[in-house]
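Read through the structure below, which is laid out as structure tokens, and then see the notes.
The values are calculated or read from the model by the stated rules, or taken from the named source; none is laboratory data. Note that the coordinates shown come from a computational prediction; the quantities given were computed from them, not determined experimentally. Heads up, the Cβs are rebuilt from the backbone with ideal geometry, glycines too, and the neighbour counts pull from every protein chain shown.
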Amino acid sequence: MLGKTAGGLYWMFRFLERSENTARLLEAGFRIALTRSTDAESEWKSVLTTAGVCHGYDAQYDSYTAAHAVDFLLRDTNNPSSVISSIDKARTNARMVRTALTTEAWEAVNEAWMALKDTLKRPVKETELPAVLGEIRRHSALVRGAVHGTMLRTDVYDFTQIGTALERADNTARIIDVKYYTLLPSASFVGSALDNVQWETILRSVSAHRSFRWMHNHDVSAASIADFLILDSRFPRSLSFCSKQIEENLGYLAKDYNKRMPCHDLIDAQRNMLRAQTIEMIFDDGLHQFIRNFIQETTAIGMQIEKDYSFIG
Amino acid sequence: MNTEQQHFDEMLAGEGEVRAPYSAYQNWFSQEDPARLAKKSKEAEAFFRRTGITFNVYGQSAAQERLIPFDLIPRIIASREWTKLSKGIEQRVRAINAFLHDIYHRQEILRAGVVPIELVSRNEAFLPQMVGVSPPGGVYTHIVGTDLVRTGEDDFFVLEDNARTPSGVSYMLENRETMLQMFPELFTQNKVQRVSDYPKNLRRSLAACAPVNCEGKPTVAVLTPGIYNSAYFEHSFLANQMGVELVEGHDLRVVDGRIKMRTTEGYKVIDVLYRRVDDDYLDPLNFNPDSMLGVPGIMDVYRAGNITIANAPGTGISDDKAIYSYMPDIIEFYTGEKPLLNNVQTWRCSEPQSLKYVLENLKELVVKEVHGSGGYGMLVGPAASKKELASFAAKLRRNPSNYIAQPTLSLSTVPIFAKKGLSPRHVDLRPFALMSPEGINITPGGLTRVALKQGSLVVNSSQGGGTKDTWVLED
């Protein structure tokens, strides 16, 4: 496969995943702003920080309001991570790699682009927001489904999965990074109303408020939430799950091409590190530092993959 | 101006009289509910959008991707008509190929004085880099799209020979696919010759032209300028249908005297490059130094016989509009036969007598730029205002050799499905011919372009033209 094609597939799925993650973040932020008007401003700031777009936002607006944040995250083409920018880049990459996609996969992403471009043509009213966010997630799921159901399990598929998992790992890590203080086991907050709302927001922004409860019905604590998000490899957005996914697909590539690359060493190191951790150890060594390291490692793995598989010349 | 009555209509010969190739179709059509057809027409549009069969129009930032409108009434050609056309095209393609070989080698046609020497030597499309080069398999024009127009029952004319990188074949294929999906019953009632073999034939034809030193099965790739090119859809479509890689210039480089593409497993040799990049942009070391689209050094690899470029660089000299006027002589010179297909009468404005005639009769003529394409920069005399005529006359006087003129042909019409039912519109036809050492293969049918505006003669998609499925019936 062309290196450019591998890169196009990888980025197509990173951007697709990003559009969905931005929608989730917005949903969680919107919910907390609805229920707790006093802290709304700081909530929106933390949503924008998590999305990594605070600088761009500050350059455009003076205050953190729901209307501005929603517009910036959904529709602003100046924001490279907005839903519209992400879906546009996902589709541009899809056009570039069209020869590697099945008709179903291509049509799903093309339809997503057409539909969302239309939906996001005008500012989204507060009353319409839940429906619009639902539409964004639905389209992402449709593309994923088309890919899952129709694409051959070859190197093409591996690069789509690696892109998805890497973006997802980065997203979950960023959420923890921005909200890590709410997960610290500080005695004064435990069981307080503040905690519960904050925790709920975190879980919602990774669509895990239900799954967490299934897994930890009676143990709602900072440690159990952090454990779930970081180490639980049953949860498809946990750091551990994503890392395992990357390892698996890189493994297929090594087998397929009959060649191990430097990226394989990096992912093995990350996997070994995660396997050796318990949540207690992470808290003891410092949650924040752990997350920062994880984000850096993941970025390094991504860059190594780009190099090893000649995404660019 | 209502001159519709004077034009030859390919479906309706006169009052209520249907021409033979359309009889089965007309039977079907007369029993169809117009509302159902209107709905189908909408469905077709949605289908084209969803599959992304779009093109980009240069200089129109607002509408980045547009659809070429598709009309659901097919253009139907009888088997007898097609046989005649395809023989004529084959003859023409052979002559063009012989002409190209000649002018890049011994130049006998120039020595014989059949074609004026300055028309070649001063022509920008003539590439000195190709002199003395023999392309693998001796093939210059791997793919040719011959533009034909019709004016009467037996009157076909060649309007243009597209021997560089003719486009539109993806529409030929997708239009048929759309018709098959919308109206499968039509294809049991009419015996329509298949077009769907084109990608397979293209691949086979290209592979047959691989360099002699190619080992094993030749690796073919399509070279595109990238996703912002107006014909990008077609490039990816053809690569996809042939099952070959779609590459851009930055995917390629010269390694050990071969052209190789950067893959996830290192660099791999390409034997045949079907390029959809113009000569000028092909190689910054040999042509336009600013080009980012090409491959530095590819011409040197080519001259060493280590890659096939399709079509060969320098073929543009044969479809130049000034050379066009000599095509009947060119055909006779190389084949010893009379042309089977007629040229349209052409005045070369470079000749003072012709220029005088053209200026005096501008209102009746179509004037085109010698190197132009896509319907840009042309004047349709009968449709032009006084002011447009005057300003074009001034341009003509300033640079006469930049123009040729042709009579305004009474182009045939085929009905389109309009709001108020059938309505005649002017059409042309571009069949696609493939050439390899194994022979010439012409897909039965081609791309029918239709001027959607009533009375308009300009069928180019960039100027509001649409397309139709083109049927060639079996015997």
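Taking each residue of region B:270-289 that is assigned by TED's automatic domain parsing to the domain that holds residue B:231 and in contact (Cβ under 8 Å) with a residue 24 or more places away in the chain and looking for partners that are part of a loop (DSSP other than H, G, I, E, B) and of a type in the set (D, E, K, R) with beta-carbon atoms closer than 8 Å, six or more apart or interchain, yields B:278/B:164; B:279/B:164.
The set of residues in region B:309-363 that are more than 22 Å from residue B:139 (Cα to Cα), among the small types (Gly, Ala, Ser) and not in a helix (DSSP H, G or I) comprises B:325, B:350. Only one of the listed residues (B:222, B:212, B:244, B:195) is assigned by TED's automatic domain parsing to the domain that holds residue B:282, modelled with pLDDT of 95 or more and out of contact with any strand residue (DSSP E or B) (no Cβ under 6 Å at 6 or more places or on another chain). That residue is B:195. Taking (1) buried (at least 18 other Cβ atoms within 10 Å of the Cβ); (2) out of contact with any Phe, Trp or Tyr (no Cβ under 7 Å at 6 or more places or on another chain); (3) without any contact (Cβ under 8 Å) to a residue 24 or more places away in the chain in turn, residue B:339 satisfies each apart from (3). Looking across region A:68-90, the residues that are out of contact with any Pro (no Cβ under 9 Å at 6 or more places or on another chain) and either in a loop (DSSP other than H, G, I, E, B) or within 9 Å of chain B (Cβ to nearest Cβ) (or both) come down to A:76, A:77, A:78, A:79, A:80, A:81, A:82.
Does residue A:40 qualify as being within 14 Å of chain B (Cβ to nearest Cβ), farther than 21 Å from residue A:161 by Cα and assigned to a helix (DSSP H, G or I)? No.
Within region A:93-113, restricting attention to residues that are more than 10 Å from chain B (Cβ to nearest Cβ) and assigned to a helix (DSSP H, G or I), which residue is surrounded by the most Cβ atoms within 10 Å (Cβ to Cβ)? Spell out how you get there, then give the answer.
Of the residues in region A:93-113, the ones more than 10 Å from chain B (Cβ to nearest Cβ) are A:102, A:104-105, A:112.
Checking the rest, the ones that are also assigned to a helix (DSSP H, G or I) come to A:104-105, A:112.
Values: A:104: 16, A:105: 26, A:112: 24.
Going through the qualifying residues, I end up with A:105.
Every condition in (1) closer than 30 Å to residue A:254 by Cα; (2) over 24 Å from the mean Cα position of the chain (by Cα); (3) more than 14 Å from every other protein chain (Cβ to nearest Cβ) holds for residue B:270 except the one numbered (3). Do we find that residue A:175 is assigned to a helix (DSSP H, G or I), at pLDDT below 95 and buried (at least 16 other Cβ atoms within 10 Å of the Cβ) in this structure? Against the criterion (assigned to a helix (DSSP H, G or I), at pLDDT below 95 and buried (at least 16 other Cβ atoms within 10 Å of the Cβ)), residue A:175 qualifies. Do we have any residue at all in region A:82-101 that's more than 27 Å from residue A:169 (Cα to Cα), assigned by TED's automatic domain parsing to the domain that holds residue A:24 and touching a strand residue (DSSP E or B) at 6+ places or on another chain (Cβ under 8 Å)? Yes, region A:82-101 contains at least one residue that is more than 27 Å from residue A:169 (Cα to Cα), assigned by TED's automatic domain parsing to the domain that holds residue A:24 and touching a strand residue (DSSP E or B) at 6+ places or on another chain (Cβ under 8 Å).
Do we have residue A:254 as in a helix (DSSP H, G or I) and away from chain B (no Cβ under 14 Å) here? When the stated conditions are applied, residue A:254 does not pass them.
Of these, A:218, A:264, which one is in a helix (DSSP H, G or I) and either surrounded by 22 or more Cβ atoms within 10 Å (Cβ to Cβ) or out of contact with any Asp or Glu (no Cβ under 6 Å at 6 or more places or on another chain) (or both)? Just one listed residue meets the conditions, A:264. Checking B:249, B:257 one by one, the residue that is touching a helix residue (DSSP H, G or I) at 6+ places or on another chain (Cβ under 9 Å), surrounded by fewer than 19 Cβ atoms within 10 Å (Cβ to Cβ) and either without any contact (Cβ under 8 Å) to a residue 60 or more places away in the chain or within 10 Å of another protein chain (Cβ to nearest Cβ) (or both) is B:257 and no other. Of the residues making up region A:43-57, at least one is buried (at least 19 other Cβ atoms within 10 Å of the Cβ), aliphatic (A, V, I, L, M) and either within 14 Å of chain B (Cβ to nearest Cβ) or outside any loop (DSSP other than H, G, I, E, B) (or both). A Cβ distance below 7 Å, combined with a sequence gap of six or more or placement on separate chains, defines the contacts here; from region B:77-89, residues that are outside the structural domain of residue B:335 (by TED's automatic domain parsing) reach no residue that is assigned to a helix (DSSP H, G or I) and not hydrophobic (A, V, I, L, M, F, W, C). In region B:54-150, counting only helices (runs of 4 or more DSSP H) that sit wholly within it, the ones holding 2 or more residues that are of a type in the set (A, V, I, L, M) and modelled with pLDDT of 95 or more span B:79-103, B:108-111.
Of the numbered criteria (1) more than 19 Å from residue B:312 (Cα to Cα); (2) more than 9 Å from chain A (Cβ to nearest Cβ), the one residue B:262 fails is (2). From the list A:133, A:116, A:166, A:129, which one is in the same structural domain as residue A:241 (by TED's automatic domain parsing), part of a helix (DSSP H, G or I) and not hydroxyl-bearing (Ser, Thr, Tyr)? Result of the check over A:133, A:116, A:166, A:129: A:166. Per the conditions (1) at pLDDT below 95; (2) of a type outside the set (Ser, Thr, Tyr); (3) surrounded by fewer than 16 Cβ atoms within 10 Å (Cβ to Cβ), the sole criterion not satisfied by residue A:153 is (1).
Counting the residues of region B:342-367 that are surrounded by fewer than 13 Cβ atoms within 10 Å (Cβ to Cβ) and under 15 Å from residue B:325 (Cα atoms) gives 1.
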